[in-house]
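What follows is a single structure, written as C-alpha coordinates, with notes after it.
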Amino acid sequence: MERHVNPEDPDLYALGALDGEEKQAFEAHVRSCPACARALDAARQRVALLGLAAPAATPRPSVKEALMRRVREERIPEALRGHGAPSRQPKRPLGFSWLTPAFGAAAVFFAALAALIWMKDLRDNGRIQELQAQLAVAQSRSLQIANAAAETDKLLGAPGTMRVGLEQQAGWPSGRAAVLYNAKMGMVTCAGWLPAPPSDKSYQLWLVPMQGAPVPLRVFSGGEWNEPVTAHVPPGMAAKAFAVTVEPKGGMPWPTGPKVLVGGVSQGE
Amino acid sequence: MTAPTQRVPDSALVERIMAGEEDALSALYDRYAGMLYAMLVRILKDTSAAEEVLQDLFLQLWRGASRFDASRGSLPAWLLVIGRNRALSRLRRRERREILEDPEEFSLEAVPSAGDLEDEAWRMQLMQRLRSAMATLPPEQKEALELAYFEGMTQTEIAARTGSPLGTVKSRVRAAMQSLKQFFDDGTTRQSGRS
(Lines give C-alpha, C1' and ligand atoms only; values in the text may rest on other atoms or scores of the structure.)
Protein backbone atom coordinates (compact mmCIF):
# COMPACT_ATOMS: atom_id res chain seq x y z
CA MET A 1 0.00 0.00 0.00
CA GLU A 2 1.27 3.48 -0.77
CA ARG A 3 2.09 5.28 2.45
CA HIS A 4 -0.20 8.25 2.53
CA VAL A 5 -0.05 8.70 6.30
CA ASN A 6 2.26 7.38 8.99
CA PRO A 7 1.66 3.63 9.02
CA GLU A 8 0.78 3.67 12.72
CA ASP A 9 -1.66 6.55 12.47
CA PRO A 10 -4.74 4.45 11.63
CA ASP A 11 -4.15 2.37 14.76
CA LEU A 12 -3.54 5.44 16.89
CA TYR A 13 -6.62 7.16 15.53
CA ALA A 14 -8.79 4.09 16.11
CA LEU A 15 -7.36 3.90 19.60
CA GLY A 16 -8.35 7.54 20.19
CA ALA A 17 -4.76 8.47 21.00
CA LEU A 18 -4.22 10.99 18.21
CA ASP A 19 -5.09 14.55 19.07
CA GLY A 20 -4.48 18.11 17.96
CA GLU A 21 -3.07 18.75 14.52
CA GLU A 22 -2.15 15.10 13.98
CA LYS A 23 -5.77 14.07 14.42
CA GLN A 24 -7.10 16.82 12.15
CA ALA A 25 -4.56 16.02 9.45
CA PHE A 26 -5.38 12.32 9.60
CA GLU A 27 -9.14 12.91 9.39
CA ALA A 28 -8.73 15.27 6.46
CA HIS A 29 -6.57 12.77 4.60
CA VAL A 30 -8.80 9.75 5.24
CA ARG A 31 -11.85 11.56 3.91
CA SER A 32 -10.23 11.75 0.48
CA CYS A 33 -8.14 8.59 0.46
CA PRO A 34 -9.92 5.21 0.08
CA ALA A 35 -6.70 3.27 0.78
CA CYS A 36 -6.17 4.95 4.13
CA ALA A 37 -9.89 4.65 4.90
CA ARG A 38 -9.52 0.88 4.42
CA ALA A 39 -6.44 0.91 6.64
CA LEU A 40 -8.51 2.69 9.27
CA ASP A 41 -11.23 0.00 9.03
CA ALA A 42 -8.62 -2.68 9.64
CA ALA A 43 -7.18 -0.68 12.52
CA ARG A 44 -10.63 -0.35 14.12
CA GLN A 45 -10.94 -4.10 13.98
CA ARG A 46 -7.59 -4.63 15.69
CA VAL A 47 -8.26 -1.99 18.31
CA ALA A 48 -11.71 -3.45 19.05
CA LEU A 49 -10.07 -6.75 19.90
CA LEU A 50 -7.86 -5.14 22.54
CA GLY A 51 -10.91 -5.34 24.77
CA LEU A 52 -10.36 -9.09 24.90
CA ALA A 53 -7.22 -8.46 26.95
CA ALA A 54 -9.32 -7.41 29.95
CA PRO A 55 -9.26 -9.83 32.90
CA ALA A 56 -12.15 -12.30 32.76
CA ALA A 57 -15.36 -11.26 34.55
CA THR A 58 -18.90 -12.57 34.55
CA PRO A 59 -22.05 -10.45 34.90
CA ARG A 60 -24.63 -11.48 37.48
CA PRO A 61 -27.53 -13.57 36.13
CA SER A 62 -29.88 -10.77 37.17
CA VAL A 63 -28.46 -8.56 34.39
CA LYS A 64 -29.75 -10.90 31.71
CA GLU A 65 -33.06 -11.28 33.50
CA ALA A 66 -33.48 -7.50 33.61
CA LEU A 67 -32.52 -7.21 29.94
CA MET A 68 -35.08 -9.78 28.83
CA ARG A 69 -37.71 -8.11 31.02
CA ARG A 70 -37.02 -4.77 29.32
CA VAL A 71 -37.27 -6.43 25.93
CA ARG A 72 -40.64 -7.94 26.80
CA GLU A 73 -41.85 -4.59 28.16
CA GLU A 74 -40.89 -2.89 24.90
CA ARG A 75 -42.85 -5.42 22.88
CA ILE A 76 -46.18 -4.57 24.52
CA PRO A 77 -46.33 -0.90 23.47
CA GLU A 78 -45.20 -1.96 19.97
CA ALA A 79 -48.07 -4.41 19.79
CA LEU A 80 -50.43 -1.74 21.04
CA ARG A 81 -49.33 0.63 18.29
CA GLY A 82 -49.85 -2.08 15.69
CA HIS A 83 -53.25 -3.38 16.85
CA GLY A 84 -55.35 -1.62 19.38
CA ALA A 85 -54.05 1.89 20.03
CA PRO A 86 -56.00 4.63 18.28
CA SER A 87 -54.01 6.74 15.87
CA ARG A 88 -53.55 10.37 16.73
CA GLN A 89 -55.94 12.51 14.69
CA PRO A 90 -56.55 16.24 14.97
CA LYS A 91 -59.69 17.07 16.86
CA ARG A 92 -62.63 17.81 14.61
CA PRO A 93 -65.67 19.55 16.10
CA LEU A 94 -68.89 17.53 15.81
CA GLY A 95 -71.91 19.24 14.39
CA PHE A 96 -74.36 17.30 16.63
CA SER A 97 -73.31 17.63 20.22
CA TRP A 98 -76.06 15.23 21.43
CA LEU A 99 -74.31 12.39 19.62
CA THR A 100 -71.17 12.71 21.73
CA PRO A 101 -72.26 10.45 24.65
CA ALA A 102 -73.40 7.79 22.18
CA PHE A 103 -70.12 7.91 20.31
CA GLY A 104 -68.29 7.79 23.62
CA ALA A 105 -70.08 4.64 24.67
CA ALA A 106 -69.50 3.09 21.28
CA ALA A 107 -65.81 4.01 21.43
CA VAL A 108 -65.44 2.35 24.83
CA PHE A 109 -67.21 -0.76 23.52
CA PHE A 110 -65.03 -1.00 20.41
CA ALA A 111 -61.88 -0.26 22.38
CA ALA A 112 -62.70 -3.15 24.72
CA LEU A 113 -63.44 -5.39 21.74
CA ALA A 114 -60.14 -4.38 20.10
CA ALA A 115 -58.28 -5.11 23.33
CA LEU A 116 -59.83 -8.59 23.51
CA ILE A 117 -58.92 -9.31 19.90
CA TRP A 118 -55.43 -7.96 20.46
CA MET A 119 -54.92 -10.18 23.52
CA LYS A 120 -56.03 -13.22 21.54
CA ASP A 121 -53.67 -12.22 18.69
CA LEU A 122 -50.81 -11.89 21.16
CA ARG A 123 -51.49 -15.39 22.49
CA ASP A 124 -51.68 -16.83 18.96
CA ASN A 125 -48.59 -14.94 17.82
CA GLY A 126 -46.73 -16.10 20.89
CA ARG A 127 -47.63 -19.72 20.16
CA ILE A 128 -46.60 -19.37 16.50
CA GLN A 129 -43.29 -17.80 17.48
CA GLU A 130 -42.73 -20.56 19.99
CA LEU A 131 -43.33 -23.24 17.34
CA GLN A 132 -41.12 -21.40 14.86
CA ALA A 133 -38.35 -21.24 17.45
CA GLN A 134 -38.71 -24.96 18.17
CA LEU A 135 -38.57 -25.72 14.45
CA ALA A 136 -35.47 -23.54 14.01
CA VAL A 137 -33.77 -25.29 16.92
CA ALA A 138 -34.65 -28.73 15.50
CA GLN A 139 -33.36 -27.75 12.05
CA SER A 140 -30.19 -26.34 13.53
CA ARG A 141 -29.69 -29.50 15.58
CA SER A 142 -30.13 -31.74 12.52
CA LEU A 143 -27.58 -29.67 10.65
CA GLN A 144 -25.16 -29.89 13.56
CA ILE A 145 -25.47 -33.67 13.70
CA ALA A 146 -24.99 -33.98 9.94
CA ASN A 147 -21.95 -31.71 10.06
CA ALA A 148 -20.47 -33.64 12.96
CA ALA A 149 -20.90 -36.93 11.09
CA ALA A 150 -19.27 -35.44 7.99
CA GLU A 151 -16.35 -34.12 10.04
CA THR A 152 -15.86 -37.50 11.71
CA ASP A 153 -15.88 -39.28 8.33
CA LYS A 154 -13.34 -36.81 7.03
CA LEU A 155 -11.04 -37.43 9.99
CA LEU A 156 -11.43 -41.21 9.92
CA GLY A 157 -10.41 -41.35 6.27
CA ALA A 158 -7.38 -39.10 6.63
CA PRO A 159 -3.84 -40.49 7.01
CA GLY A 160 -2.24 -39.73 10.36
CA THR A 161 -5.45 -39.65 12.38
CA MET A 162 -4.93 -41.01 15.88
CA ARG A 163 -7.48 -42.24 18.38
CA VAL A 164 -7.09 -41.35 22.06
CA GLY A 165 -9.31 -42.83 24.74
CA LEU A 166 -10.19 -40.50 27.64
CA GLU A 167 -10.59 -42.27 30.95
CA GLN A 168 -12.58 -41.28 33.97
CA GLN A 169 -10.59 -39.81 36.87
CA ALA A 170 -11.02 -40.97 40.44
CA GLY A 171 -13.64 -39.16 42.47
CA TRP A 172 -15.83 -38.12 39.54
CA PRO A 173 -19.06 -39.59 38.15
CA SER A 174 -18.67 -42.26 35.51
CA GLY A 175 -18.00 -41.12 32.00
CA ARG A 176 -15.70 -41.68 29.09
CA ALA A 177 -14.87 -40.32 25.68
CA ALA A 178 -12.65 -40.82 22.69
CA VAL A 179 -10.82 -38.28 20.61
CA LEU A 180 -9.82 -38.49 16.97
CA TYR A 181 -6.95 -36.13 16.27
CA ASN A 182 -5.11 -35.30 13.11
CA ALA A 183 -2.23 -32.92 13.80
CA LYS A 184 -1.61 -32.20 10.12
CA MET A 185 -5.22 -31.16 9.59
CA GLY A 186 -5.36 -29.38 12.96
CA MET A 187 -8.66 -31.11 13.60
CA VAL A 188 -10.14 -32.83 16.64
CA THR A 189 -13.38 -34.76 16.92
CA CYS A 190 -14.56 -36.00 20.25
CA ALA A 191 -17.47 -38.18 21.27
CA GLY A 192 -18.35 -39.65 24.61
CA TRP A 193 -20.59 -39.52 27.57
CA LEU A 194 -20.68 -37.56 30.79
CA PRO A 195 -23.52 -36.74 33.16
CA ALA A 196 -24.76 -33.14 33.09
CA PRO A 197 -22.46 -30.79 35.05
CA PRO A 198 -23.76 -28.59 37.89
CA SER A 199 -25.88 -25.71 36.58
CA ASP A 200 -23.12 -23.13 37.09
CA LYS A 201 -20.42 -25.28 35.48
CA SER A 202 -19.40 -26.46 32.02
CA TYR A 203 -17.16 -29.21 30.80
CA GLN A 204 -14.23 -28.08 28.72
CA LEU A 205 -12.06 -30.16 26.39
CA TRP A 206 -8.34 -29.35 26.19
CA LEU A 207 -5.44 -30.36 24.03
CA VAL A 208 -2.26 -30.62 26.10
CA PRO A 209 0.58 -29.93 23.65
CA MET A 210 4.08 -31.34 23.92
CA GLN A 211 5.19 -27.82 24.76
CA GLY A 212 3.31 -24.87 26.13
CA ALA A 213 -0.01 -24.28 27.85
CA PRO A 214 -3.14 -26.41 27.30
CA VAL A 215 -5.21 -25.25 24.34
CA PRO A 216 -8.98 -24.84 24.91
CA LEU A 217 -10.97 -26.79 22.33
CA ARG A 218 -14.67 -26.88 23.18
CA VAL A 219 -17.03 -26.10 26.02
CA PHE A 220 -19.90 -28.48 26.73
CA SER A 221 -22.90 -28.47 28.93
CA GLY A 222 -25.53 -31.06 29.63
CA GLY A 223 -26.30 -33.64 27.02
CA GLU A 224 -24.41 -31.99 24.17
CA TRP A 225 -21.48 -34.16 24.99
CA ASN A 226 -23.33 -37.23 23.80
CA GLU A 227 -22.82 -36.27 20.16
CA PRO A 228 -19.50 -35.92 18.31
CA VAL A 229 -18.14 -32.41 18.27
CA THR A 230 -15.31 -30.98 16.25
CA ALA A 231 -12.72 -28.36 17.08
CA HIS A 232 -9.73 -26.92 15.33
CA VAL A 233 -6.20 -26.09 16.40
CA PRO A 234 -3.28 -24.62 14.50
CA PRO A 235 -2.07 -27.38 12.15
CA GLY A 236 1.08 -29.24 13.20
CA MET A 237 0.54 -29.01 16.95
CA ALA A 238 1.94 -32.16 18.61
CA ALA A 239 -0.40 -33.41 21.33
CA LYS A 240 0.79 -35.01 24.56
CA ALA A 241 -2.69 -35.62 25.96
CA PHE A 242 -6.33 -34.60 25.90
CA ALA A 243 -8.37 -33.79 28.97
CA VAL A 244 -11.82 -32.68 30.06
CA THR A 245 -12.08 -30.37 33.06
CA VAL A 246 -14.95 -28.83 34.99
CA GLU A 247 -14.91 -25.05 34.58
CA PRO A 248 -17.15 -22.07 35.38
CA LYS A 249 -20.08 -21.91 32.96
CA GLY A 250 -18.94 -20.75 29.55
CA GLY A 251 -15.40 -22.07 29.93
CA MET A 252 -12.05 -20.53 30.72
CA PRO A 253 -9.03 -19.52 28.64
CA TRP A 254 -6.89 -21.89 30.70
CA PRO A 255 -7.78 -24.88 32.89
CA THR A 256 -8.75 -23.98 36.44
CA GLY A 257 -10.97 -26.89 37.50
CA PRO A 258 -10.45 -30.56 38.24
CA LYS A 259 -9.79 -33.08 35.48
CA VAL A 260 -12.73 -35.41 34.84
CA LEU A 261 -11.40 -37.33 31.84
CA VAL A 262 -7.81 -37.69 30.71
CA GLY A 263 -6.17 -39.55 27.84
CA GLY A 264 -2.47 -39.59 27.01
CA VAL A 265 -1.21 -39.86 23.45
CA SER A 266 0.91 -42.98 23.03
CA GLN A 267 4.38 -42.38 21.71
CA GLY A 268 4.69 -43.43 18.11
CA GLU A 269 1.16 -42.42 17.26
CA MET B 1 -12.72 -22.25 8.20
CA THR B 2 -14.79 -25.32 8.74
CA ALA B 3 -17.76 -24.28 10.83
CA PRO B 4 -17.85 -25.88 14.26
CA THR B 5 -20.83 -28.11 14.52
CA GLN B 6 -22.69 -26.66 17.50
CA ARG B 7 -23.02 -23.02 16.58
CA VAL B 8 -25.77 -20.96 15.07
CA PRO B 9 -24.09 -18.11 13.14
CA ASP B 10 -24.43 -14.61 14.53
CA SER B 11 -26.06 -13.51 11.28
CA ALA B 12 -28.83 -16.10 11.71
CA LEU B 13 -29.42 -15.00 15.29
CA VAL B 14 -29.56 -11.36 14.22
CA GLU B 15 -32.15 -12.23 11.58
CA ARG B 16 -34.20 -13.94 14.25
CA ILE B 17 -33.89 -10.86 16.46
CA MET B 18 -35.23 -8.79 13.58
CA ALA B 19 -38.17 -11.19 13.49
CA GLY B 20 -38.74 -10.41 17.16
CA GLU B 21 -37.43 -13.66 18.66
CA GLU B 22 -36.21 -13.04 22.17
CA ASP B 23 -34.43 -16.42 22.28
CA ALA B 24 -32.01 -15.20 19.64
CA LEU B 25 -31.07 -12.18 21.74
CA SER B 26 -30.68 -14.48 24.71
CA ALA B 27 -28.31 -16.70 22.71
CA LEU B 28 -26.16 -13.77 21.60
CA TYR B 29 -26.07 -12.50 25.15
CA ASP B 30 -24.83 -15.88 26.35
CA ARG B 31 -22.21 -15.85 23.62
CA TYR B 32 -20.75 -12.39 24.13
CA ALA B 33 -21.84 -10.95 27.48
CA GLY B 34 -18.81 -12.31 29.35
CA MET B 35 -16.34 -10.90 26.84
CA LEU B 36 -18.03 -7.49 26.86
CA TYR B 37 -18.57 -7.32 30.60
CA ALA B 38 -14.88 -8.01 31.26
CA MET B 39 -13.95 -5.06 29.07
CA LEU B 40 -16.60 -2.79 30.62
CA VAL B 41 -15.50 -3.58 34.17
CA ARG B 42 -11.89 -2.88 33.20
CA ILE B 43 -12.86 0.52 31.77
CA LEU B 44 -15.41 1.62 34.34
CA LYS B 45 -13.92 -0.09 37.41
CA ASP B 46 -17.50 -0.33 38.66
CA THR B 47 -19.47 -3.54 38.27
CA SER B 48 -22.87 -1.84 38.59
CA ALA B 49 -22.06 0.68 35.88
CA ALA B 50 -20.64 -2.10 33.71
CA GLU B 51 -23.84 -4.09 34.11
CA GLU B 52 -25.94 -1.08 33.09
CA VAL B 53 -23.86 -0.47 29.97
CA LEU B 54 -23.95 -4.17 29.13
CA GLN B 55 -27.72 -4.22 29.36
CA ASP B 56 -28.03 -1.04 27.26
CA LEU B 57 -25.72 -2.51 24.66
CA PHE B 58 -27.88 -5.58 24.12
CA LEU B 59 -31.02 -3.47 24.21
CA GLN B 60 -29.49 -1.39 21.41
CA LEU B 61 -28.87 -4.62 19.50
CA TRP B 62 -32.50 -5.64 20.02
CA ARG B 63 -33.78 -2.31 18.76
CA GLY B 64 -31.31 -1.85 15.92
CA ALA B 65 -30.49 -5.35 14.68
CA SER B 66 -31.57 -4.38 11.18
CA ARG B 67 -28.42 -2.24 10.96
CA PHE B 68 -26.26 -5.34 11.10
CA ASP B 69 -24.95 -6.60 7.76
CA ALA B 70 -23.09 -9.86 8.35
CA SER B 71 -21.38 -9.62 4.99
CA ARG B 72 -19.76 -6.34 5.95
CA GLY B 73 -19.13 -6.53 9.65
CA SER B 74 -18.38 -8.66 12.65
CA LEU B 75 -20.99 -8.51 15.37
CA PRO B 76 -18.62 -9.12 18.31
CA ALA B 77 -16.21 -6.47 17.01
CA TRP B 78 -19.11 -4.05 16.69
CA LEU B 79 -20.26 -4.84 20.20
CA LEU B 80 -16.72 -4.29 21.51
CA VAL B 81 -16.42 -0.93 19.74
CA ILE B 82 -19.82 0.35 20.79
CA GLY B 83 -19.36 -1.01 24.29
CA ARG B 84 -15.99 0.67 24.68
CA ASN B 85 -17.33 3.97 23.34
CA ARG B 86 -20.31 3.88 25.68
CA ALA B 87 -18.15 3.06 28.66
CA LEU B 88 -15.63 5.78 27.83
CA SER B 89 -18.41 8.33 27.35
CA ARG B 90 -19.75 7.42 30.75
CA LEU B 91 -16.27 7.66 32.23
CA ARG B 92 -15.76 11.07 30.69
CA ARG B 93 -19.08 12.35 31.93
CA ARG B 94 -18.00 11.21 35.35
CA GLU B 95 -14.74 13.08 34.95
CA ARG B 96 -16.32 16.05 33.11
CA ARG B 97 -14.10 15.49 30.11
CA GLU B 98 -14.92 16.07 26.50
CA ILE B 99 -16.57 13.25 24.57
CA LEU B 100 -14.42 12.68 21.52
CA GLU B 101 -16.68 10.40 19.50
CA ASP B 102 -20.41 9.92 19.59
CA PRO B 103 -20.91 6.17 19.86
CA GLU B 104 -24.37 6.37 18.33
CA GLU B 105 -22.86 7.70 15.13
CA PHE B 106 -20.35 4.91 14.84
CA SER B 107 -21.14 2.84 11.79
CA LEU B 108 -21.43 -0.88 12.18
CA GLU B 109 -19.94 -1.21 8.75
CA ALA B 110 -16.79 0.45 10.01
CA VAL B 111 -15.88 -2.77 11.79
CA PRO B 112 -15.03 -5.43 9.25
CA SER B 113 -14.84 -9.12 10.09
CA ALA B 114 -12.36 -9.80 12.86
CA GLY B 115 -11.51 -13.46 12.48
CA ASP B 116 -14.00 -15.99 13.68
CA LEU B 117 -14.90 -14.54 17.04
CA GLU B 118 -18.16 -16.49 16.91
CA ASP B 119 -16.12 -19.62 17.54
CA GLU B 120 -15.84 -19.81 21.30
CA ALA B 121 -12.68 -21.92 21.29
CA TRP B 122 -10.99 -19.54 18.87
CA ARG B 123 -12.13 -16.53 20.88
CA MET B 124 -10.72 -18.00 24.06
CA GLN B 125 -7.44 -18.83 22.36
CA LEU B 126 -7.27 -15.29 21.05
CA MET B 127 -7.95 -13.86 24.52
CA GLN B 128 -5.26 -16.01 26.03
CA ARG B 129 -2.72 -15.16 23.36
CA LEU B 130 -3.60 -11.47 23.46
CA ARG B 131 -3.10 -11.32 27.22
CA SER B 132 0.25 -13.06 26.77
CA ALA B 133 1.21 -10.60 24.04
CA MET B 134 0.25 -7.64 26.25
CA ALA B 135 2.28 -9.12 29.09
CA THR B 136 5.38 -9.23 26.92
CA LEU B 137 5.23 -5.52 26.09
CA PRO B 138 7.72 -3.30 27.95
CA PRO B 139 5.90 -1.93 31.05
CA GLU B 140 5.90 1.67 29.87
CA GLN B 141 4.45 0.67 26.47
CA LYS B 142 1.81 -1.46 28.14
CA GLU B 143 0.88 1.40 30.48
CA ALA B 144 0.56 3.86 27.61
CA LEU B 145 -1.56 1.44 25.59
CA GLU B 146 -3.84 0.64 28.53
CA LEU B 147 -4.32 4.33 29.33
CA ALA B 148 -5.32 4.91 25.72
CA TYR B 149 -7.61 1.90 25.33
CA PHE B 150 -9.15 1.44 28.75
CA GLU B 151 -9.21 5.08 29.87
CA GLY B 152 -9.66 6.68 26.46
CA MET B 153 -6.70 9.03 26.85
CA THR B 154 -5.00 10.81 23.99
CA GLN B 155 -1.23 10.91 23.74
CA THR B 156 -1.20 14.40 25.26
CA GLU B 157 -3.32 13.24 28.19
CA ILE B 158 -1.09 10.22 28.72
CA ALA B 159 1.96 12.50 28.78
CA ALA B 160 0.29 14.66 31.42
CA ARG B 161 -0.75 11.63 33.48
CA THR B 162 2.62 9.88 33.39
CA GLY B 163 4.83 12.96 33.43
CA SER B 164 6.67 11.73 30.35
CA PRO B 165 7.54 13.96 27.38
CA LEU B 166 4.91 13.88 24.63
CA GLY B 167 7.42 12.60 22.09
CA THR B 168 8.29 9.69 24.37
CA VAL B 169 4.62 8.82 24.86
CA LYS B 170 4.05 8.89 21.11
CA SER B 171 6.95 6.50 20.59
CA ARG B 172 5.64 4.16 23.28
CA VAL B 173 2.10 4.03 21.95
CA ARG B 174 3.30 3.57 18.38
CA ALA B 175 5.72 0.81 19.37
CA ALA B 176 3.04 -0.98 21.40
CA MET B 177 0.54 -0.82 18.54
CA GLN B 178 3.19 -1.99 16.10
CA SER B 179 3.87 -5.05 18.28
CA LEU B 180 0.17 -5.83 18.56
CA LYS B 181 -0.37 -5.26 14.86
CA GLN B 182 2.24 -7.95 14.25
CA PHE B 183 0.43 -10.18 16.74
CA PHE B 184 -2.93 -9.68 15.02
CA ASP B 185 -1.44 -10.18 11.57
CA ASP B 186 -0.04 -13.52 12.74
CA GLY B 187 -3.30 -14.44 14.41
CA THR B 188 -5.38 -13.59 11.36
CA THR B 189 -3.06 -15.61 9.17
CA ARG B 190 -3.42 -18.55 11.48
CA GLN B 191 -7.18 -18.21 11.49
CA SER B 192 -7.29 -17.92 7.71
CA GLY B 193 -5.10 -20.94 7.45
CA ARG B 194 -7.90 -23.02 8.92
CA SER B 195 -10.27 -22.08 6.13
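The values are calculated or read from the model by the stated rules, or taken from the named source; none is laboratory data. None of the values given here were measured: they were computed from a predicted structure. When we count neighbours, we look across all protein chains shown, and the Cβ atoms used for this are built from the backbone with ideal geometry, even at glycine.
Looking across the range B:68-103 at every residue that is under 14 Å from the mean Cα position of the chain (by Cα) and at pLDDT below 80, the one that is nearest to the other protein chains (Cβ to nearest Cβ) is identified as B:Ser74.
Can you find, within the range B:26-35, the residue that is nearest to A:Ala57 (Cα to Cα) among those that are facing chain A (nearest Cβ under 8 Å) and not hydrophobic (A, V, I, L, M, F, W, C)?
B:Gly34
Scanning the range B:153-174 for residues that are outside any loop (DSSP other than H, G, I, E, B), at the interface with chain A (Cβ under 8 Å from one of its Cβ atoms) and of a type in the set (A, V, I, L, M, F, W, C), we see that the one that is nearest to the chain's Cα centre (by Cα) is B:Val173. Within the range B:36-66, restricting attention to residues that are of a type in the set (Lys, Arg) and at the interface with chain A (Cβ under 8 Å from one of its Cβ atoms), the residue that is surrounded by the fewest Cβ atoms within 10 Å (Cβ to Cβ) is B:Arg63. Within the range B:41-67, the set of residues being of a type in the set (Lys, Arg) and under 17 Å from the mean Cα position of the chain (by Cα) comprises B:Arg42, B:Lys45.
Is it fair to say B:Val8 is assigned to a helix (DSSP H, G or I) and β-branched (Val, Ile, Thr)? Show your work before the answer.
Details: assigned to a helix (DSSP H, G or I): no; β-branched (Val, Ile, Thr): yes.
No; evaluated as a whole, the condition is false for this residue.
Applying the selection to the range B:31-53, what residues are in contact (Cβ under 8 Å) with a residue 24 or more places away in the chain and either farther than 26 Å from A:Val219 by Cα or touching a Cys at 6+ places or on another chain (Cβ under 9 Å) (or both)?
Step one: list which residues in the range B:31-53 are in contact (Cβ under 8 Å) with a residue 24 or more places away in the chain, which gives B:31-33, B:35-36, B:39-40, B:42-44, B:49-50, B:53.
Of everything in the range B:31-53, those that are in contact (Cβ under 8 Å) with a residue 24 or more places away in the chain and either farther than 26 Å from A:Val219 by Cα or touching a Cys at 6+ places or on another chain (Cβ under 9 Å) (or both) turn out to be B:Ile43, B:Leu44, B:Ala49, B:Val53.
Please determine, by comparing only the residues of the range B:104-127 that are part of a helix (DSSP H, G or I), under 15 Å from the mean Cα position of the chain (by Cα) and facing chain A (nearest Cβ under 7 Å), which one is modelled with the lowest pLDDT. Only one residue fits best here, namely B:Ala110.
Within the range A:58-75, is there a residue that is exposed (fewer than 14 other Cβ atoms within 10 Å of the Cβ), under 30 Å from B:Ala175 (Cα atoms), at pLDDT 70 or above and among the basic types (Lys, Arg)? No, the range A:58-75 contains no residue that is exposed (fewer than 14 other Cβ atoms within 10 Å of the Cβ), under 30 Å from B:Ala175 (Cα atoms), at pLDDT 70 or above and among the basic types (Lys, Arg).
So, B:Asp23, is that one without any contact (Cβ under 8 Å) to a residue 12 or more places away in the chain and either within 8 Å of chain A (Cβ to nearest Cβ) or not in a loop (DSSP other than H, G, I, E, B) (or both) or not?
Details: without any contact (Cβ under 8 Å) to a residue 12 or more places away in the chain: yes; either within 8 Å of chain A (Cβ to nearest Cβ) or not in a loop (DSSP other than H, G, I, E, B) (or both): yes.
Spelling it out, B:Asp23 is indeed without any contact (Cβ under 8 Å) to a residue 12 or more places away in the chain and either within 8 Å of chain A (Cβ to nearest Cβ) or not in a loop (DSSP other than H, G, I, E, B) (or both).
So, of the residues in the range A:16-30 that are acidic (Asp, Glu) and either in contact with a strand residue (DSSP E or B) (Cβ under 7 Å, 6 or more places away or on another chain) or outside any loop (DSSP other than H, G, I, E, B) (or both), which turns out to be nearest to the other protein chains (Cβ to nearest Cβ)?
Taking the range A:16-30 as the starting set, the residues that turn out to be acidic (Asp, Glu) are A:19, A:21-22, A:27.
The next check asks that each one be either in contact with a strand residue (DSSP E or B) (Cβ under 7 Å, 6 or more places away or on another chain) or outside any loop (DSSP other than H, G, I, E, B) (or both); those that pass are A:21-22, A:27.
On the way: A:Glu21: 11, A:Glu22: 8, A:Glu27: 11 Å.
For the range A:16-30, the residue satisfying everything is A:Glu22.
Being in contact (Cβ under 8 Å) with a residue 12 or more places away in the chain and more than 10 Å from chain B (Cβ to nearest Cβ) is the filter; apply it to the range A:31-77 and report the residue that is nearest to A:Lys249 (Cα to Cα). Of everything passing the filter in the range A:31-77, A:Ala39 is nearest to A:Lys249 (Cα to Cα).
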